[in-house]
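Single-structure report; data block below.
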Amino acid sequence: MSVLVLVELEDPGQGGAGLSVVAEESLTFARDLPGEAVDAVLVGQVGQPGEEVLAQCREQGVRTLLVTTDARLERYAARAWARVVDAALEASGAAYLLAGGTPRGTEVLAHVAAVHDVPMAANVVQVVQSDPLEVERQVVGGAVLERVGLGGRPAVASVAGHAVAPAPASDPRQTTVEQVEVELTPADLVAQVRRTEAREAGDTSALTGASVVVGVGRGVGGADRFAAAEAVAERLGGAVGVSRVVTSLGWRPHHEQVGQTGSRISPDLYLACGISGAIQHWAGCSSSRTIIAVNTDEEAPMVTKARYAVIGDMHEVLPALLEELR
């Protein structure tokens with residue numbers, strides 16, 4: 001009995017050549033499941049994986065890395081990718097199938113679960129018990145934790161971002177590479193990514209991968225009052241994120257929006273400034289490891305949900321924080 005993990009690569013546009021952080025998190029999480037081995041399947045890169053990928057797999061204790069040779073799979077197509085993952089599942093004999101809780105990971109696993117007529121648990125944060133398998137997952141935008149039983153086989157789940165910190169296996173393996181072949185049909189490729197657009201010039205937010213995010217809401221007061229938030233984010237090596245109302249007012253571009261209709265983030269630190277914390281925004285930031293709220297309203301939902309809170313004007317708090325950081 002083994003665990004199979006669908007892994008993704010870092011964004012090549014950001015200079016990545018290895019596995020993404022969320023892939024390493026998922027492999028770390030996989031070792032908490034019962035089973036004698038962890039295998040991985042990589043779709044989207046055709047042929048032999050790079051040395052960086054193999055080194056990461058060895059460090060994570062991956063027994064076998066399954067790859068594809070069909071060049072059509074370089075473009076993302078959920079149904080086609082799911083066909084490959086399903087073939088890898090059969091080849092590995094895995095009883096458990098995991099992926100990171102990314103849009104692609106979640107969509108591909110949903111296809112596989114439907115084929116096998118089994119439930120899928122999304123945004124899982126921990127294993128509660130292994131026999132029978134029971135997991136805990138985030139629901140209602142992370143405001144509630146739900147326990148779910150996954151008695152069917154394969155047990156299918158996506159892992160919430162930052163549910164665990166990536167950690168090397170205690171017994172690294174010499175990962176072997178095997179090819180998995182699938183006869184794709186035209187129907188498998190009807191819906192696929194044909195073109196990707198570069199980020200807007202000047203877009204340095206990279207919200208989903210930032211370890212620190214400085215969030216800014218209506219409380220900032222205007223489009224010309226983001227300097228302190230930007231300076232703190234730069235000092236901490238992070239990114240600026242904003243609430244929906246900020247983008248609706250035209251103060252910042254939509255690619256910086258955090259929330260149900262924006263990006264879902266999982267940084268180590270989310271510094272939420274002048275944000276009331278409506279449920280739509282909470283849905284995008286609740287996976288943050290630590291949330292610090294800065295707000296003049298001590299009853300604001302973000303203040304009551306945050307681990308720490310500073311009751312005060314962000315335009316006084318942030319400059320003082322920046323001075324301390326310097």
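The set of residues in the range 269-285 being surrounded by fewer than 24 Cβ atoms within 10 Å (Cβ to Cβ), more than 20 Å from LEU145 (Cβ to Cβ) and under 20 Å from the mean Cα position of the chain (by Cα) consists of LEU269 alone. Of all residues in the range 241-268, those being among the β-branched types (Val, Ile, Thr) and surrounded by 22 or more Cβ atoms within 10 Å (Cβ to Cβ) number 4. Restricting attention to the range 249-260 and to residues that are out of contact with any strand residue (DSSP E or B) (no Cβ under 7 Å at 6 or more places or on another chain) and farther than 14 Å from SER286 by Cα, the residue that is modelled with the highest pLDDT turns out to be TRP251. Look at (1) on the phi < 0 side of the Ramachandran plot; (2) in a loop (DSSP other than H, G, I, E, B) and you find that TYR270 fails only one, number (2). With respect to the conditions (1) closer than 15 Å to SER288 by Cα; (2) free of Cβ contacts under 8 Å to residues at least 40 places away in the same chain; (3) of a type in the set (Phe, Trp, Tyr), TYR270 falls short on a single one, namely (2).
Criterion first (closer than 22 Å to ASP39 by Cβ, in contact (Cβ under 8 Å) with a residue 24 or more places away in the chain and either surrounded by 11 or more Cβ atoms within 10 Å (Cβ to Cβ) or touching a Pro at 6+ places or on another chain (Cβ under 6 Å) (or both)) does VAL193 satisfy it? No; evaluated as a whole, the condition is false for this residue. When PRO103 is tested against (1) closer than 19 Å to VAL41 by Cα; (2) out of contact with any Lys or Arg (no Cβ under 8 Å at 6 or more places or on another chain); (3) in contact (Cβ under 8 Å) with a residue 24 or more places away in the chain, just one condition goes unmet, and that condition is (3). When the criteria are applied in full, ARG63 meets the requirement of being modelled with pLDDT of 90 or more and out of contact with any helix residue (DSSP H, G or I) (no Cβ under 7 Å at 6 or more places or on another chain). When VAL294, VAL240, VAL246, VAL214 are checked against the criterion of being in a helix (DSSP H, G or I), touching an Asp or Glu at 6+ places or on another chain (Cβ under 9 Å), modelled with pLDDT of 90 or more and of a type in the set (A, V, I, L, M, F, W, C), VAL246 stands alone in meeting it. Evaluation of LEU318 against the conditions (1) open to solvent by 10 Å² or more (accessible area, probe 1.4 Å); (2) in contact with a strand residue (DSSP E or B) (Cβ under 8 Å, 6 or more places away or on another chain); (3) touching a residue at least 60 places away in the same chain (Cβ under 8 Å) shows that the sole unmet condition is (1). Restricting to the range 277-291, name every residue that is among the hydrophobic types (A, V, I, L, M, F, W, C) and either assigned to a strand (DSSP E or B) or without any contact (Cβ under 8 Å) to a residue 12 or more places away in the chain (or both). The one that is among the hydrophobic types (A, V, I, L, M, F, W, C) and either assigned to a strand (DSSP E or B) or without any contact (Cβ under 8 Å) to a residue 12 or more places away in the chain (or both): ILE291. Taken over the range 216-240, the criterion of being open to solvent by less than 30 Å² (accessible area, probe 1.4 Å), under 17 Å from ILE279 (Cα atoms) and not small (Gly, Ala, Ser) is satisfied by VAL216 alone.
The criterion of at least 2 residues that are crowded, with 20+ Cβ neighbours inside 10 Å and within 21 Å of the chain's Cα centre (by Cα) is met, among strands (runs of 3 or more DSSP E) falling completely within the range 113-181, by 120-130, 133-139, 155-159. Hey, among the residues in the range 186-200 that are among the aliphatic types (A, V, I, L, M) and either under 14 Å from GLU74 (Cβ atoms) or under 25 Å from the mean Cα position of the chain (by Cα) (or both), which one's modelled with the lowest pLDDT? Taking the candidates together, the pick is ALA198.
The values are calculated or read from the model by the stated rules, or taken from the named source; none is laboratory data. No experiment lies behind these values; they were computed from the predicted model shown. Note that each Cβ is placed from the backbone with ideal geometry, even for glycine, and that neighbours are counted across all protein chains shown. Ligands, DNA and RNA are excluded from the accessible area calculation, which covers all protein heavy atoms including side chains. Shrake-Rupley method; radii C 1.70, N 1.55, O 1.52, S 1.80 Å.
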